[in-house]
Amino acid sequence: MAFQCQRDCYMREFTTSVVSCRPAELKIDNSGKKEKVKGFNIILKDTILFPEGGGQPDDQGVLNDIPVLRVTRQGADAVHFVTSPLEEGVEVQMKVDWERRFNHMQQHSGQHLITAIADSMFGFKTTSWELGRQRSVIELDTPSVEPGQVEALEKAVNKKIREQVPVSVKVLAVDDPTVEKVRSRGLPEDHTGPIRIIDIEGIDANMCCGTHVSNLSHLQAIKILGTEKGKKNKTNLIFVAGSRVLKYAERSYSVERALTSLLKKDGDNEFMNIIANEIGTEGTLIFLTVGDEKEAGLFLLAGPIEMVDTLGPRVAELLEGKGAGKRGRYQGKANKMGRRPEVEVLLQENIQHRSSEEE
């Protein structure tokens, strides 16, 4: 059985009823720290809030104005975590956070399009993907992608968007012969019921549980930001689609203006921290220095808290200096700025090691 959010991805409000309400706990991320929140798991007769799956995060929204903090799938059910109970059998009015939902629809359909075109043009197979908060990543089963191939791929996917290609949903029985002809990375072990196929007319048919646009024109545009080395002879392709393209351009312009202004000033610790703030340290490791290129100066390491806590003292040691840090920032004085290349090697090796561990 498909949920209402899968039958009509554009529905923003929906009335349904409560099937069950059970006490539960949820771990949430609060400024980098995991905290337990007590609440209730609600199962509804149907839902317009998508439970996480297929590489797509869950929706956010409300049940009778009660915020839904998480939606997960358990077998054929979608489980909604809220902090206030609802009586079994009571009717509820659901509303989805439409900006977040449509954003996810654009990224997910964009991924399907890029995956299909990358395969047809270059034979690059997609092995996984991640829909991130600001950008998304497609893992391609190839050790490298040439700049010319990235440019050609971006032109091809945007051409399809301009052609306004329809996107439709087909629901097939598990034993339907058509199922064997569509792309798939396999079904979840607890899957039940028919198979859902996302069909981009004339381009791709793919087994998928996620929410999607009904026409490629709704993607507006796709920008491939670049590629980076992935796990074991794979390449990560980084992209943004739809409204994220506009936000990325706006953010890039703001950073450019801020950095242009800052670079006119003399460098100090405050200067480096301002630059780190402008660039943003969420999921990004930043290493900055000011001072004499060969002798003494100042340094700043900023990024994910665990990485900075581990690497900060080692950076200070390499630079033959001293430092201190907290909450994802480690800064101090350096006596041997000429050893900066050694620090860069240390940071790159650590990032690659962490990537291989996550495999």
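For residue 63, the residues 5 or more places off, or on other chains, whose built amide H falls under 5 Å of its own are 68. Once both labels are positioned 7 Å from their Cα atoms along Cα-to-Cβ, the gap between residue 353 and residue 232 label points is 2.0 nm. Taking every C-alpha pair closer than 8 Å and separated by at least 6 residues, the mean separation divided by the residue count of the chain gives a relative contact order of 12 percent. With helices as the sole contributors, the chain gives -10000 deg cm²/dmol at 222 nm; each DSSP H run of n ≥ 4 counts as -39500 (n - 2.57), and the sum is divided by every residue. The string of couplings for region 215-226 from the Karplus curve (6.51, -1.76, 1.60, θ = phi - 60°) is 7, 4, 4, 6, 6, 6, 6, 10, 10, 8, 6, x Hz, one whole number per residue in order, with x for Gly and Pro.
About its Cα centre, the chain has a charge dipole of approximately 580 debye under the convention of +1 per Lys or Arg Cβ and -1 per Asp or Glu Cβ, with nothing else charged.
Placing dummy labels 7 Å off each Cα toward the beta-carbon, the span from residue 12 to residue 261 is 3.5 nm.
What FRET efficiency do you get for residue 87 and residue 38 if R0 is 25 Å and r is their Cβ-Cβ distance, rounded to the nearest 0.05? The partial results should precede the final answer.
Details: r = 18 Å, r/R0 = 0.74.
Plugging the Cβ-Cβ distance into 1/(1 + (r/R0)^6) gives 0.85.
Under 22 Å of direct C-alpha separation, and excluding same-chain neighbours fewer than eight residues apart, residue 27 reaches these lysines: 36, 38. Quotient of the Cα radius of gyration of region 101-241 and 2.2 N^0.38 Å, N being its number of residues: 1.03. Database remark: amide H of residue 321 closer than 5 angstrom to the amide H of 335 (H placed geometrically; neighbours at sequence offset of 5 or more, or on other chains; Pro and chain starts carry no H). With the simple model of a label 7 Å out from the Cα in the direction of the Cβ, residue 170 to residue 72 spans 3.4 nm. Take every pair of alpha-carbon atoms less than 8 Å apart whose residues are at least six positions apart; their mean separation over the length of region 265-358 yields a relative contact order of 23 percent.
What's the FRET efficiency of residue 344 with residue 253 using the Cβ-Cβ distance as r and R₀ = 22 Å, to the nearest 0.05? Before the final figure, lay out each step's value.
Values: r = 28 Å, r/R0 = 1.27.
Calculated value: 0.20.
Find the relative contact order for region 213-342 and round it to a whole percent, using C-alpha pairs within less than 8 Å whose residues are 6+ positions apart. Don't jump to the answer; show the numbers that get you there.
Details: 195 pairs, mean separation 20.2, N = 130.
Over region 213-342, the number comes to 16 percent.
Bear in mind that the values in this text are calculations on the coordinates, not laboratory data. All values reported here derive from a predicted model rather than from experimental measurement. Here the Cβ is made from the backbone with ideal geometry for all residues, glycine too, and neighbour counts use every protein chain on show.
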